[in-house]
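Below is one structure, written out as structure tokens; the observations come after it.
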Amino acid sequence: MATLLSSHDLVLRPDHLILQLRDVDCDAGTGAEQAINQTHTSVVASSGYTVYVEAVQNLIAVRVDVEVWDSEPDSSPTTVDWTGPTLVDLDCPTGHLQVGDDMGHAISEILPPQGPGRYHVAFYHHGRDEALQLEQQLTSVLAAPDGGQRLDDIRPDLEGRERYLFRVWWQAPLPEDDEDDADHDPSDFRGGPQ
């Protein structure tokens with residue numbers, strides 16, 4: 001039976017709509033553009049070194065959860081009515097994961113006990129349609145003379161309606177040839193609906 005080892009959550013407004021789960025030392029690189037482009041249709045994709053997610057809006061803070069498991073979870077998450085999973089892989093050379101956006105809003109102390117290696121990631125999302133509807137309502141609030149203040153008053157009650165969940169567990173050691181980005185084929189890692 002799989003055991004949940006740790007859970008981490010972050011609430012943020014991703015300025016560029018892109019959320020990332022990655023090794024703390026792996027920035028955008030090989031396959032990043034392809035993976036980000038794929039998120040426009042599949043919500044989530046992996047370059048191998050980073051898992052990218054495209055949020056639907058950035059007026060209301062979204063919630064991102066990361067769960068680290070000792071093996072593949074044997075049941076679906078039940079906290080909300082999740083859509084998913086989509087399965088992708090993630091290489092983690094240092095054994096330290098980070099989740100957040102590309103503007104420095106991140107949690108970087110996610111430490112899977114197995115350390116460096118290749119991890120499976122089951123990705124789920126919730127509330128995207130509701131968040132789009134709320135964004136449209138807030139856009140009209142912003143158009144009013146006191147819109148900025150009203151928006152600031154409303155936002156706290158709405159944060160976290162758009163949610164994302166990454167469930168992470170060990171798959172295998174990193175391949176020996178993974179040291180060289182030229183040998184890394186990002187198409188091996190991109191996810192799609194499953």
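The values are calculated or read from the model by the stated rules, or taken from the named source; none is laboratory data. Since the model is a prediction, treat every value here as computed from it, not as a measurement. We place every Cβ from the backbone using ideal geometry, glycine too, and count neighbours over all the protein chains shown. Just the protein is used for accessible areas: all its heavy atoms, side chains included, with ligands, DNA and RNA removed. Shrake-Rupley method; radii C 1.70, N 1.55, O 1.52, S 1.80 Å.
On the accessible surface of region 4-172, probed at 1.4 Å, how many percent belong to carbon and sulfur atoms?
On the way: 3480 of 7540 Å².
Answer for region 4-172 is 46 percent, counting heavy atoms of protein chains only.
Dipole of region 21-119, Cα-centred, from +1 at each Lys and Arg C-beta and -1 at each Asp and Glu C-beta, to the nearest 20 debye?
Numbers: 3 positive and 16 negative charges, 27 e Å.
For region 21-119, the charge dipole is close to 140 debye.
If only the Cβ of Lys and Arg carry +1 and only the Cβ of Asp and Glu carry -1, the dipole of the chain around its Cα centre is close to 820 debye. Do you know the relative contact order of the chain, to the nearest whole percent, from alpha carbon pairs under 8 angstrom that are 6+ apart? Result for the chain is 31 percent.
Full extension of the segment from Val11 to Ala143, taken as 0.36 nm per residue of separation minus the current Cα-Cα distance, would add 45.0 nm. Roughly how compact is region 50-175, stated as its Cα Rg over 2.2 N^0.38 Å to two decimals? Dividing the Cα radius of gyration by 2.2 N^0.38 Å gives 1.25.
Rounded to the nearest whole Hz, the Karplus-based 3J(HN,Hα) values (6.51 cos²θ - 1.76 cosθ + 1.60, θ = phi - 60°) of region 148-161 follow the sequence x, 5, 4, 4, 4, 6, 7, 3, x, 6, 9, 5, x, 5, with x at glycine and proline. The heavy atoms of Ile60 present about 10 square angstrom of accessible area, all protein chains included, probe 1.4 Å. Over region 4-172, accessible surface divided per residue gives 45 Å², non-protein components excluded, 1.4 Å probe.
Could you work out which residue, out of Arg155, Arg118, Arg22, moves most in a Gaussian network model of the chain, that is, has the largest mean-square fluctuation with Cα springs under 10 Å? Between Arg155, Arg118, Arg22, it is Arg155 that shows the largest mean-square fluctuation.
Compared with the alpha-carbon gap, the fully stretched path from Glu135 to Thr83 is longer by 16.7 nm at 0.36 nm per residue. Against the chain, whose longest principal axis is taken from its Cα atoms, helix 128-143 shows a tilt of about 40°.
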